[in-house]
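Reviewing the structure listed below.
The values are calculated or read from the model by the stated rules, or taken from the named source; none is laboratory data. Values in this document were obtained by computation on a predicted structure and should not be read as measured data. Glycine gets a Cβ as well: all are built from the backbone with ideal geometry, and neighbour counts include every protein chain shown. Surface accessibility is based on the protein's heavy atoms, side chains included, excluding ligands, DNA and RNA. Shrake-Rupley method; radii C 1.70, N 1.55, O 1.52, S 1.80 Å.
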Amino acid sequence: MFCEKSLNLIKELDRSTEAMPAFDDDGVRQVFEEMRGLYDQNVAAANDSTADPDGTAIAGIAIRHAALERNKRCLMAYVYNRIRKVRNMRWQFGSILPPEIKANLCEPEIQWFNSYSKTLALYMKSIGDQGLNLAQDVKPPKSLYVEVRSLTDYGKFEMDNGEVVLLKKHSTHLMSRAQCEPLIIQGILEQITH
Amino acid sequence: MYVDNVIEGFYNAVNGSRVLLFVNYDIDAICAARILQHLFRCDTIAYTLVPVSGIQDLRQAYEENCEEVKYVVLVNCGGTIDIVELLEPEEHVIFYLLDSHRPTDLCNVFSSSQVRIIGNSDPEEGIPEFDDVFREDSDEEEDNSGEDSDPEESRAAKRMRMSEEAILKRRENRLWAEKRDRIVFNYTQFSYYGKASAVQMFELALSLSKDTTDLLWCAIIGVTEQYLLGKVEKQQYVLDSGTLQGYVSKLSHNLDEDPTEAANSTPVTVPRISFTKDLQLALYRHWTVEASLRHSMYSACKLKLWTLKGERRLHELLVDMGLPLVQSRQKFSAMDMVLRQEFHSMIEKLAEKYELDQLVFASFILQYGFRNKYCASDVVYSMLALLESTGREKSSKDCFLEAMDALSRPKKNLLEDGIEKAKVMLTSIFKMVQAALDMQMVISGGPFLYFIIQEGALNARQFSHPHTLILLAQFVLQAYVMVRKKKATNLPLIASAPLDADEGTCLVVGIPPVIEDSPKNFFGKAFEQAAEKTNARAQLDYFDSSVMKLKMEDRSKFFDALAALLS
């Protein structure tokens, strides 16, 4: 059957549970080989038109051409869907990809990722006076302020507006989310949920 | 200065800048702080909350946190001391006092610039007039300038008149000072408690239209704590719970509009508060009936459960109720359905026979989901146990935060944990009472009784917290009065427990006599004077003036002085 391999490529991509499955070099190569074979057969049949008085060869060429087209569409879909995943990862992980994901990308995909990052960075820099990190709050937070509790004696912490807060163990604060997010990640503060 | 309009004078004033919150270690303060936190969260008023345990702690915490702070709110602390003198703040800082401790310090009442007291001044507090307490000494010079206008008078005569006037003036001054001392003494003689801070904060939330069931529950807990720890009179509690019931029906109005429809449409997970008759039995919903009867102060004292005879009476009561012993030793929730449903009515019926007529009181129950049903008094006991469960690896501040978290509904396991701890606490209180009466450890010191827990006694560590010790002292006094009948009803009790073995300090609390209806406590002033007289190394550091730290060696000397002072 024609096109079975290319369809398999797409199915595999769809079924895989990993964040980013490895680029299937082998499968893609096999599809290319099949396509080359089909093309060669078509060329041979077309050149040999004399041997085809009743037009059966024309029908064969048409079928093979349709198979070629389908293979092409499948390969495009495969590449396009992978690229979409890569693009989402830019928003998810930032401009540096985790190594285990990078290992599963092929060279052109990495190139595309880098140029996408660059374009995005350029765009973000152009917004407003100082630029705006679009990737920071993709979903708007419920409130700008969060309740946090100090887990360690951190000492004085100066906020953007110049106010100084003493983060001492056991004290509770209501602070702006942007300010305390890094501290929460560092494990100095703990967010209180209600 | 009193702030009558809390929204204008307090809430809108602090809105927009960072607020520093100091919260005392008691349940009412925690509840009030929780309501405030909710309000501040709604309006994104940035705040910093610091728990403070005593006066020194407050001063230190203020020094650390005072940078660039304009507004400071003190919850259940600082009202009874001159806050400006203690903290020496910069001039632009404004203090808001939300304190249920009374009497409020006069400097705080009359300070117009920096101190604002949230709430109305109660006429019953008897705050003296400003002119009676403070007087400016500026009129002296005026008199002198008046003198010079009469040149014809001879010098001697003039001096005579001057000195005469001076004497008169001095005499007047002295009289005035005496009068002032008397007024101030009368005002500060007794320490007692006013309206619960949690209720005040709930009323603020109500007037801001931000009242929710959770906030109301906080207010209820605050009031119930005041009642259970004997901080307010019973009548006051009845009045307070009446107002709270009004709020409850306001909030549950929508649910109750159509009972049939409400039952179908409102999910069970929505928290609901109901106002019902309840029994003064500690934790009985989470314990066994027998244990709860035994460890609750009221039933234990009435039945004298620390004696063999009392034990028999308890069994008699259970028999009369028709409650099999096996069932009564079963967890309440595992008892037979019929017995469980009839428990209330059974015990109510028998209350008169066993002189347990005050066993029934009005209380609140919070219910959400199918399994979670908590009585306000159970939550108070649980939080008290959490608040005072300090251990080797748990500082008192950890406990404070745990007690605070126990109020939030998703952290139910903390509350359950606290209930288990409360059982241990109540059991050891009961054992201590039994030991105190059997070994005759309650000693009459003349005008008062005293009871000392020796270092090394069983569970002595548990009593080194003010609230537990107060509960114990009340239990001991009630039980002692039941044994000694009339003789002891008008004697107050002082209880003392070891606090810190290394420093050799002990904790001393004083509670008023049983016969007094009002829980006004005169020990605060007495402690202060006795400590002064004996030069005892005492620290009157707690915001409750009837609680103090004392060096162990100075204890007998201190008690002698106290006896001399009070007799």
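Among B:F40, B:F95, B:F22, which is the only one that is over 25 Å from B:Y237 (Cα atoms), buried (at least 21 other Cβ atoms within 10 Å of the Cβ) and in contact with a Lys or Arg (Cβ under 8 Å, 6 or more places away or on another chain)?
On the way: B:F40 fails: in contact with a Lys or Arg (Cβ under 8 Å, 6 or more places away or on another chain); B:F22 fails: in contact with a Lys or Arg (Cβ under 8 Å, 6 or more places away or on another chain).
Every option except B:F95 fails the conditions.
Listed here are the residues, each with its yes/no results for (1) open to solvent by less than 20 Å² (accessible area, probe 1.4 Å); (2) closer than 17 Å to B:T390 by Cβ; (3) free of Cβ contacts under 8 Å to residues at least 60 places away in the same chain.
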| residue | (1), (2), (3) |
| --- | --- |
| B:Q440 | no, no, yes |
| B:S444 | no, no, yes |
| B:L449 | yes, no, yes |
| B:F463 | yes, yes, yes |
| B:P492 | yes, no, yes |
| B:S496 | yes, no, yes |
| B:G504 | yes, no, yes |
| B:P512 | no, no, yes |
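Give the number of residues within segment B:49-70 that are within 13 Å of chain A (Cβ to nearest Cβ) and either open to solvent by 10 Å² or more (accessible area, probe 1.4 Å) or over 18 Å from the mean Cα position of the chain (by Cα) (or both).
First, the residues of segment B:49-70 that are within 13 Å of chain A (Cβ to nearest Cβ): B:49-53, B:57, B:60-70.
Keeping just the survivors that are either open to solvent by 10 Å² or more (accessible area, probe 1.4 Å) or over 18 Å from the mean Cα position of the chain (by Cα) (or both) gives B:49-50, B:53, B:57, B:60-70.
Of the residues in segment B:49-70, 15 are within 13 Å of chain A (Cβ to nearest Cβ) and either open to solvent by 10 Å² or more (accessible area, probe 1.4 Å) or over 18 Å from the mean Cα position of the chain (by Cα) (or both).
Residue by residue through segment B:289-303, note down the ones that are open to solvent by 10 Å² or more (accessible area, probe 1.4 Å) and closer than 11 Å to B:Y354 by Cβ. Spell out the reasoning first.
Restricting attention to segment B:289-303, the residues satisfying the condition of being open to solvent by 10 Å² or more (accessible area, probe 1.4 Å) are B:290-291, B:294-295, B:297-298, B:302.
Within segment B:289-303, B:K302 is the sole residue that qualifies.
Just to verify a result, which residue in segment B:4-31, among those that are closer than 22 Å to B:D544 by Cα and in a helix (DSSP H, G or I), is nearest to the other protein chains (Cβ to nearest Cβ)?
Among those that are closer than 22 Å to B:D544 by Cα and in a helix (DSSP H, G or I), it is B:I30.
Quick one: would you say B:N108 is assigned to a loop (DSSP other than H, G, I, E, B) and within 21 Å of the chain's Cα centre (by Cα)? Explain how you work it out, then say what you get.
On the way: assigned to a loop (DSSP other than H, G, I, E, B): no; within 21 Å of the chain's Cα centre (by Cα): yes.
Answer is no for this residue.
Which residues, taken from segment A:46-94, are open to solvent by less than 90 Å² (accessible area, probe 1.4 Å), hydroxyl-bearing (S, T, Y) and within 35 Å of the chain's Cα centre (by Cα)?
Selection gives A:Y78 alone.
Quick one: what pairs do we get from segment B:1-22, first residue more than 20 Å from B:I127 (Cβ to Cβ), second loosely packed, with under 15 Cβ neighbours inside 10 Å and of a type in the set (S, T, N, Q), C-beta under 6 Å, 6+ apart or different chains?
Hits for this filter: B:I7/B:S207.
When the residues of segment A:155-187 are filtered to those that are open to solvent by less than 20 Å² (accessible area, probe 1.4 Å) and more than 10 Å from chain B (Cβ to nearest Cβ), which remaining residue is nearest to B:V73 (Cα to Cα)?
A:C180
Counting just the residues of segment B:229-245 that are open to solvent by 40 Å² or more (accessible area, probe 1.4 Å) and not basic (K, R), which one comes out farthest from the chain's Cα centre (by Cα)? Write out each step before concluding.
Just the residues of segment B:229-245 that are open to solvent by 40 Å² or more (accessible area, probe 1.4 Å), to begin with: B:233-236, B:238-239, B:243, B:245.
Pick out the ones that are also not basic (K, R) and you get B:233, B:235-236, B:238-239, B:243, B:245.
Details: B:E233: 12, B:Q235: 16, B:Q236: 14, B:V238: 17, B:L239: 17, B:T243: 20, B:Q245: 22 Å.
Applying the filter and picking the extreme gives B:Q245.
Just for strands (runs of 3 or more DSSP E) wholly inside segment B:462-567: which have at least 1 residues that are within 26 Å of B:D181 (Cα to Cα) and touching a strand residue (DSSP E or B) at 6+ places or on another chain (Cβ under 7 Å)? Before the answer, list the steps.
Details: elements: B:493-500, B:505-511, B:547-551.
Output list reads B:505-511, B:547-551.
Checking B:S556 against (1) open to solvent by 50 Å² or more (accessible area, probe 1.4 Å); (2) modelled with pLDDT under 85, only one condition comes out false. Which one?
Against the list (1) open to solvent by 50 Å² or more (accessible area, probe 1.4 Å); (2) modelled with pLDDT under 85, B:S556 comes up short only on (2).
Search segment B:336-377 for residues being of a type in the set (S, T, N, Q) and not in a helix (DSSP H, G or I), and hand back the single one that is surrounded by the fewest Cβ atoms within 10 Å (Cβ to Cβ). Lay out the reasoning, then the answer.
At the first step, the residues of segment B:336-377 found to be of a type in the set (S, T, N, Q) are B:341, B:345, B:358, B:363, B:367, B:372, B:377.
After this cut, where a residue has to be not in a helix (DSSP H, G or I) as well, the list is B:358, B:363, B:367, B:372.
Details: B:Q358: 11, B:S363: 21, B:Q367: 15, B:N372: 15.
The qualifying residue surrounded by the fewest Cβ atoms within 10 Å (Cβ to Cβ) is B:Q358.
Yes/no per residue for (1) free of Cβ contacts under 8 Å to residues at least 12 places away in the same chain; (2) open to solvent by 50 Å² or more (accessible area, probe 1.4 Å); (3) basic (K, R):
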residue: B:R174; (1), (2), (3): yes, yes, yes
residue: B:Y192; (1), (2), (3): no, no, no
residue: B:A196; (1), (2), (3): no, no, no
residue: B:S207; (1), (2), (3): no, yes, no
residue: B:L216; (1), (2), (3): no, no, no
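Going by what's in this entry, would B:L384 be described as in contact (Cβ under 8 Å) with a residue 12 or more places away in the chain, over 22 Å from the mean Cα position of the chain (by Cα) and within 30 Å of B:S252 (Cβ to Cβ)?
Working: in contact (Cβ under 8 Å) with a residue 12 or more places away in the chain: yes; over 22 Å from the mean Cα position of the chain (by Cα): no; within 30 Å of B:S252 (Cβ to Cβ): yes.
Here the answer is no, as B:L384 does not meet what is asked.
What do you reckon, is B:D105 open to solvent by 20 Å² or more (accessible area, probe 1.4 Å), within 13 Å of another protein chain (Cβ to nearest Cβ) and touching a residue at least 24 places away in the same chain (Cβ under 8 Å)?
Details: open to solvent by 20 Å² or more (accessible area, probe 1.4 Å): yes; within 13 Å of another protein chain (Cβ to nearest Cβ): no; touching a residue at least 24 places away in the same chain (Cβ under 8 Å): yes.
Judged against the criteria, B:D105 is not a match.
Specify the residue that is most open to solvent (accessible area, probe 1.4 Å); the eligible residues are those in segment B:514-540 that are over 27 Å from B:V481 (Cβ atoms) and touching an Asp or Glu at 6+ places or on another chain (Cβ under 8 Å).
B:R537
If only one of A:N104, A:N88 is in contact with a Pro (Cβ under 8 Å, 6 or more places away or on another chain) and within 30 Å of A:V138 (Cβ to Cβ), which one is it?
Details: A:N88 fails: in contact with a Pro (Cβ under 8 Å, 6 or more places away or on another chain).
One residue alone meets the criteria, A:N104.
Out of (1) crowded, with 18+ Cβ neighbours inside 10 Å; (2) within 14 Å of chain A (Cβ to nearest Cβ); (3) not in a loop (DSSP other than H, G, I, E, B), the odd one out for B:I45 is which?
(3)
May I ask you to list the residues in segment A:101-144 that are within 14 Å of another protein chain (Cβ to nearest Cβ) and either at pLDDT 90 or above or open to solvent by less than 70 Å² (accessible area, probe 1.4 Å) (or both)? Explain how you work it out, then say what you get.
The initial filter retains those residues of segment A:101-144 that are within 14 Å of another protein chain (Cβ to nearest Cβ), namely A:141-144.
Result: A:P141, A:S143.
Here are the criteria: (1) within 14 Å of chain B (Cβ to nearest Cβ); (2) buried (at least 16 other Cβ atoms within 10 Å of the Cβ). Tell me which single one A:L97 does not satisfy.
A:L97 satisfies every listed condition except (1).
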